[in-house]
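First the structure, in the form of structure tokens, and then the observations on it.
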Ligand SMILES: O=C(O)CCC(=O)C(=O)O
Ligand SMILES: [Fe+2]
């Protein structure tokens, strides 16, 4: 029998370290390489002593090596000790979804191809293959935000959702993995299959789902970046904050002349779909707290060919639990060979 093991690319341990103070992504193999490669640019950005950044990079390197195992441990701990405020939220029900979204996901390729009408009815085209549409009901969003705040206020451990956002929640750790898998396969894939067949949208087989939280005194914005994803869904879970728009620029593979454009204002319960490899960032919020649900949707068929983070053939390392970073190796069970 054939069986897929989920993997990370080894570049995860060396590439894409983000130095927030100087708004710089770097690769970090060791001290000598780092100083040689980045001293000049760091000095030009006002850093007095690049050497002083090394302990933090070493710490991040250690965190990355332990990440999947520790995440799994937190997941077990939360399953045992966290008391959900709204237990019913953890199983996806159609009633959580906006009926327009359900209708949209039922549009067939034939209908969409014939007139474009089937899709354009509930989906707004923002150019550059960025689309928005209602996803959840406002009632669901309100209850989910209450659940997230309840967990945030609990003494239980929390992890940063990714290498750039320090505040937020990894939804698999909180127990939403089955929910998100169903959202991906039953509702999002019918759409991404039509919108992004060239980016693996027709064969998304894993995801990383998390909440990003912005509030004064913590993270208030997000620097310009591209995602470790083929396609990204970003849903606004609340509306009681000011500013915090998204902006988009060139694809990772294109020259970027710093022409950041196409501002997008979030709307409560609406989602935005975009290609993960299109550069984007979030402007600072000026008031309130902003909760957004992010799904980095991944296709092993695409990323097994070329890692989107190091742009090389991936060097695969299997993870024991979870989806890794969405790469796979296919193994044949030994008993099949005899
Ligand atoms: O804050 C946002 O809405 C964007 C978040 C984002 O781009 C990401 O987490 O990859
Ligand atoms: Fe992003």
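Structure data summary
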{"read-out": "Among (1) surrounded by 14 or more Cβ atoms within 10 Å (Cβ to Cβ); (2) over 19 Å from the mean Cα position of the chain (by Cα) - the single one residue 87 does not satisfy", "value": "(1)"}
{"read-out": "Unmet requirement for residue 220, which otherwise passes all of (1) part of a loop (DSSP other than H, G, I, E, B); (2) within 13 Å of ligand 1 (Cβ to nearest atom); (3) in contact with a helix residue (DSSP H, G or I) (Cβ under 9 Å, 6 or more places away or on another chain)", "value": "(3)"}
{"read-out": "Condition met for residue 281 (within 9 Å of ligand 1 (Cβ to nearest atom) and over 21 Å from residue 133 (Cβ atoms))", "value": "yes"}
{"read-out": "Meets criteria (at pLDDT below 95 and either outside any strand (DSSP E or B) or closer than 25 Å to residue 12 by Cβ (or both)) for residue 256", "value": "yes"}
{"read-out": "Conditions (1) closer than 22 Å to residue 326 by Cα; (2) within 12 Å of ligand 1 (Cβ to nearest atom); (3) touching a helix residue (DSSP H, G or I) at 6+ places or on another chain (Cβ under 9 Å); number of the one not met by residue 291", "value": "(1)"}
{"read-out": "In segment 255-285, the residues that are free of Cβ contacts under 8 Å to residues at least 60 places away in the same chain and touching a strand residue (DSSP E or B) at 6+ places or on another chain (Cβ under 9 Å)", "value": "256, 257, 258, 259, 260, 261, 263, 265, 266, 279, 280"}
{"read-out": "Considering residues of segment 259-287 that are over 30 Å from residue 102 (Cβ atoms) and not in a loop (DSSP other than H, G, I, E, B) only, the residue farthest from ligand 2 (Cβ to nearest atom)", "value": "287"}
{"read-out": "Out of 209, 229, sole residue that is modelled with pLDDT of 95 or more, over 24 Å from residue 85 (Cβ atoms) and within 16 Å of ligand 2 (Cβ to nearest atom)", "value": "229"}
{"read-out": "Residues being more than 20 Å from residue 204 (Cβ to Cβ) and either modelled with pLDDT of 85 or more or surrounded by fewer than 12 Cβ atoms within 10 Å (Cβ to Cβ) (or both) - total across segment 322-335", "value": "4"}
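Per-residue answers, yes or no, for (1) assigned to a helix (DSSP H, G or I); (2) touching a residue at least 40 places away in the same chain (Cβ under 8 Å); (3) within 16 Å of ligand 1 (Cβ to nearest atom); (4) surrounded by fewer than 16 Cβ atoms within 10 Å (Cβ to Cβ):
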site: 157; (1), (2), (3), (4): no, yes, no, yes
site: 163; (1), (2), (3), (4): no, yes, yes, no
site: 183; (1), (2), (3), (4): yes, yes, no, no
site: 191; (1), (2), (3), (4): yes, yes, no, no
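The values are calculated or read from the model by the stated rules, or taken from the named source; none is laboratory data. All values reported here derive from a predicted model rather than from experimental measurement. When we count neighbours, we look across all protein chains shown, and the Cβ atoms used for this are built from the backbone with ideal geometry, even at glycine.
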